[in-house]
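Comments concern the structure below.
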Amino acid sequence: MANQYEHLLTVIDVGSAKTCVLVAEITDSGLRYRGHGFAESRGSRKGVIVDLDKAVVSIQKAVEQAEDSAGVPIEHAILGIAGSHIRGVNSHGGINFGTRAREIGREEIRQAVEKARSIPLPPDREILHLLPQEFILDEHGGIHDPLGMMAARLEVRVHIVTSSAGAMQNVITAVNRAGVHIDDTVFEPLACADSVLSSDERDLGICLVELGAGSSSLIVFHEGAVMHSAGIPIGGDHFTSDLSFGLCTPAADAEKIKKLYGNTVVTLVPEGNEIEVPSVGDRPSRLISQRQIAEILEPRARELFEMLRDNLRHAGLMEMCVGGIVLTGGASRLPGMWDTAESVLRRPVRLAGPAPLAKMPSNLAEPEFATILGMACYGQRSRIARGLQDARWSTKLKLMFAKKGA
C-alpha cells in the first residue's frame, strides 16, 4: 500500500447474501470509520465460491462503492473466511531438555509449537490459525509466556483452525481478480469476537455463533483461549428456501415475508393474523395465517440449534459454556431465534450487535455487520503487534500463533 495510505485498513467479507467492504483509519485514539460498500453476492453459496466470474463482479462493485465512500483507492485488504468447511482441532506437543532444568528461550518455544502443529491433516485441509491455549512447564499448566522461565520439559496446547484449501483459495482468487491483494486471512468468528465479546465472557466460557446467510460458524472461548471452532451448514437462506417451498412463493417474496412476519416460535404469533402471499406464475396471491409461517420456520430453527448442541457435546464443551451463547449475524435477527436457542441449548442466550467505530453510520450498528467491524478490530491489533519492535515476546508469540502459516 502506498505510504500515504498506510494508516488505512480495509477488510472484505464475501458472504452468500452480500459482499461487504469496510475502510477504517487507524488513529492514536483508535479506529475511525472512513467508508464502506455493499453488493449483492453472486456466485457464492454457503461460504464457497461456485461461480468465479460472478463472484468477482460482486466484489468489484462492493470495492468501488467503498472507494467512493472512503475517497481512497483500495489495493490491499484482510479477507474473512467462514463456512461449513471450517474444522477446528486441539493439539498438544512438547520437548524435553534432559534431567536438569534450563532456561527457556525463543527457539525452544518455536520447537514446542512445531511439535504441537505437526499433526496429520487431510491433503485438502489448510491451517488458517494456530491459536495458543496454554504452556506447561514440568506439568505445571496455565502459563501464557514461558520465556526466561526454567524447566526440564516444555509443552504447549494449541487450537488449530483449518479450512478447505480449495474453498479458501477460490475466495482469495476472486478478490485478487477484483484488483485487491490479500494481506491476511482470518476466521470470521475469531474476528467477530473482538466486536461483540467481553473479556469476562471469554474467561468464563462462551460460545459465539455467527448466523450467516449460507451457513453458520461458531467459536468457543474458555479462560481467554479458543477451545473449539466449527461450521454448521444452516444459515438464513435455508429459512427463506423453506418458506419459498412451503408457501409456493418466489424466493424474493419469501425473503420479504421472513423479515416482515417471520418468527421461529409458533406460540409467539397471535392467532387470527393473516398476510397476503404472492403466488408463482400468473396465479393470484393468497391470504394465509401468519402462524403458518412460524410453523415452517420453527423446525428449521430447532434443527440449527440441535446441530449446535450436538457439536458442542461431541467436543465435550457444553458444560464449559458457563457464560452461555452469543448469537450474531444477520439471521440472528429473525424473531424467536433467541427463544429457540435457549429452549434447545438450555443455556443463557443473548443477541449481539457490534461495538461502533468512531464516525460510523448508525445503520452499521446491527448484528449483520458484527463480523466486518470485528475484522477491522482484528486487523488493527495485528498491525499494532507487528509494529512493536520492542514488544514483549508474548505479544509477538500470540501474533505468530494467530497467523496462517505460523
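Any residue that is within 29 Å of the chain's Cα centre (by Cα), farther than 26 Å from V196 by Cα and at pLDDT 95 or above - is there at least one of those in region 261-279? So that I can check it myself, show each step before the final result.
From region 261-279, those within 29 Å of the chain's Cα centre (by Cα) are 261-265; that's our starting set.
Right, trim to farther than 26 Å from V196 by Cα and you get 261.
Then keep just the ones that are at pLDDT 95 or above; that gives 261.
Looking for residues that are within 29 Å of the chain's Cα centre (by Cα), farther than 26 Å from V196 by Cα and at pLDDT 95 or above, one finds at least one in region 261-279, hence yes.
For region 121-131, indicate whether the set of residues that are under 24 Å from the mean Cα position of the chain (by Cα) and acidic (D, E) is non-empty.
Checked region 121-131: at least one residue is under 24 Å from the mean Cα position of the chain (by Cα) and acidic (D, E).
What helices (runs of 4 or more DSSP H) lie completely within region 246-346 and have 3 or more residues being of a type in the set (A, V, I, L, M), within 30 Å of M227 (Cβ to Cβ) and assigned by TED's automatic domain parsing to the domain that holds V220? Spell out how you get there, then give the answer.
Working: elements: 251-261, 290-314, 337-345.
Those helices (runs of 4 or more DSSP H) span 290-314, 337-345.
For region 60-72, indicate whether the set of residues that are loosely packed, with under 15 Cβ neighbours inside 10 Å, free of Cβ contacts under 8 Å to residues at least 60 places away in the same chain and touching a strand residue (DSSP E or B) at 6+ places or on another chain (Cβ under 8 Å) is non-empty.
Yes, there is a match, as at least one residue in region 60-72 is loosely packed, with under 15 Cβ neighbours inside 10 Å, free of Cβ contacts under 8 Å to residues at least 60 places away in the same chain and touching a strand residue (DSSP E or B) at 6+ places or on another chain (Cβ under 8 Å).
What's the number of the only condition in (1) farther than 30 Å from R100 by Cβ; (2) modelled with pLDDT under 95; (3) among the hydrophobic types (A, V, I, L, M, F, W, C) that V180 fails to meet?
(2)
The values are calculated or read from the model by the stated rules, or taken from the named source; none is laboratory data. Not measured: the values here are computed from a predicted model. Note: ideal-geometry Cβ built from the backbone for every residue, glycine included; neighbour counts use all protein chains shown.
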